[in-house]
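Contents: one structure, followed by commentary.
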Amino acid sequence: MPVQELVKPGPDGSGPEGGTPSVVARCLSNFRLEVDGQAVSHWRAGKSRALFQYLLVNRERFVHRNRLHEVLWPEREDHGSSSLKVAVHGVRRVLGAFEERDGFTLLYQDHGYVLRTNNAWVDIEEFQRAYDRGRSAWVAKEHDTAIAWFQRTADLYTGDFLAGETDGWINEQRQWMRGTALRALSALRTEALEREDWPSAMHWCRRALDVDPHHESAYQALMMMHGELGELGRVLSWYEVCRHRLRVDLGVEPSERTERLLTTLMRGRSLPSPSGGRA
């Protein structure tokens with residue numbers, strides 16, 4: 001795959017030649033919909049913003065109105081209220097304000113809705129595409145191409161999906177995207193460890209811990225690298241951080257592998273080169 005094919009719009013929405021798509025939607029970290037670089041901040045109906053977010057995740061797929069009621073108003077048993085129509089009207093008013101930009105189209109069909117993505121740039125779409133291409137290249141043993149795509153995946157993961165928002169459906173999507181980011185970061189860590197590039201490997205470990213502070217394999221890799229460098233104080237420090245977070249947050253102890261690793265490193269025994277995870 002030529003290098004230029006890896007040049008995709010960045011987290012800021014910029015194109016390969018510095019251009020910016022007129023319509024940009026971001027769901028990683030804080031939600032933001034932009035038109036010509038200006039954020040859309042006024043959603044007239046109370047649930048219109050949440051409706052747009054859900055349809056954005058399910059873009060190009062039909063969603064029945066009953067499912068939308070279940071997602072947006074889970075406490076209600078009556079799916080015949082006018083609340084959905086009000087929310088849809090609010091979404092259409094927002095989209096209508098930039099209809100000429102050809103970004104999104106909301107269609108009604110068969111008692112449900114489809115959000116069409118025309119020429120908009122959507123971060124979660126680019127994020128999943130980058131990971132999928134990296135994974136395909138990894139399986140095909142196209143090593144350099146896979147790493148370039150995984151780096152792209154990591155760059156796009158600027159924070160949790162819809163950070164700070166708590167609707168029930170959001171957490172499932174959030175966990176899925178965290179897992180995808182962690183798999184990409186694990187592959188990047190593996191590649192750096194194989195090159196014995198400790199600074200890069202440590203960077204990817206820290207990125208993984210930013211995503212999931214309980215990611216034990218990242219602690220293990222950090223302990224091993226500091227052991228290789230003879231920095232036993234740092235080995236112990238990372239072990240203590242790991243143990244504290246697992247105990248306090250999850251009520252569990254470090255795994256037997258982590259305990260054995262600590263004992264081996266603190267006794268000064270040599271270890272094989274640190275290894276990482278798979279994509």
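Can you tell me which of (1) at pLDDT 85 or above; (2) charged (D, E, K, R); (3) touching a helix residue (DSSP H, G or I) at 6+ places or on another chain (Cβ under 8 Å) is the one residue 8 doesn't meet?
In the conditions (1) at pLDDT 85 or above; (2) charged (D, E, K, R); (3) touching a helix residue (DSSP H, G or I) at 6+ places or on another chain (Cβ under 8 Å), residue 8 misses (1) alone.
For the list (1) touching a strand residue (DSSP E or B) at 6+ places or on another chain (Cβ under 6 Å); (2) at pLDDT 90 or above; (3) not in a loop (DSSP other than H, G, I, E, B), I need the number of the one condition that residue 152 fails.
(1)
Residue 189 is checked against (1) open to solvent by less than 30 Å² (accessible area, probe 1.4 Å); (2) free of Cβ contacts under 8 Å to residues at least 24 places away in the same chain; (3) among the charged types (D, E, K, R) and fails just one. What number does that condition carry?
(2)
Could you give every pair whose Cβ atoms fall below 8 Å, whose first residue belongs to region 202-216 and is modelled with pLDDT of 95 or more, and whose second residue is in a loop (DSSP other than H, G, I, E, B), counting only separations of at least 6 or pairs across chains?
208/215; 209/215; 211/157; 216/254; 216/255
Limited to region 160-179, what total is found for residues that are within 12 Å of the chain's Cα centre (by Cα), surrounded by 15 or more Cβ atoms within 10 Å (Cβ to Cβ) and either part of a helix (DSSP H, G or I) or not aliphatic (A, V, I, L, M) (or both)?
6
When you scan region 124-148, how many residues do you find that are in contact with a strand residue (DSSP E or B) (Cβ under 8 Å, 6 or more places away or on another chain), open to solvent by less than 20 Å² (accessible area, probe 1.4 Å) and not aromatic (Phe, Trp, Tyr)?
Qualifying residue count for the region: 1.
Output the number of the condition that residue 22 fails; it satisfies all remaining conditions of (1) at pLDDT below 90; (2) within 20 Å of the chain's Cα centre (by Cα).
The one condition residue 22 does not meet is (2).
Which of the residues that make up region 96-123 are closer than 21 Å to residue 38 by Cα and crowded, with 20+ Cβ neighbours inside 10 Å?
The answer is 103, 104, 120, 121, 122, 123.
So if I check each of 111, 143, which one is at pLDDT below 95, closer than 30 Å to residue 192 by Cβ and of a type outside the set (A, V, I, L, M)?
143
Got a number for residues in region 227-279 being open to solvent by 90 Å² or more (accessible area, probe 1.4 Å), at pLDDT below 95 and hydrophobic (A, V, I, L, M, F, W, C)?
Within region 227-279, residues that are open to solvent by 90 Å² or more (accessible area, probe 1.4 Å), at pLDDT below 95 and hydrophobic (A, V, I, L, M, F, W, C) number 0.
The values are calculated or read from the model by the stated rules, or taken from the named source; none is laboratory data. If you're wondering where the values come from, they're calculated on a predicted model, not measured in any experiment. Note that each Cβ is placed from the backbone with ideal geometry, even for glycine, and that neighbours are counted across all protein chains shown. Heavy atoms of the whole protein, side chains included, go into the accessibility calculation; ligands, DNA and RNA do not. Shrake-Rupley method; radii C 1.70, N 1.55, O 1.52, S 1.80 Å.
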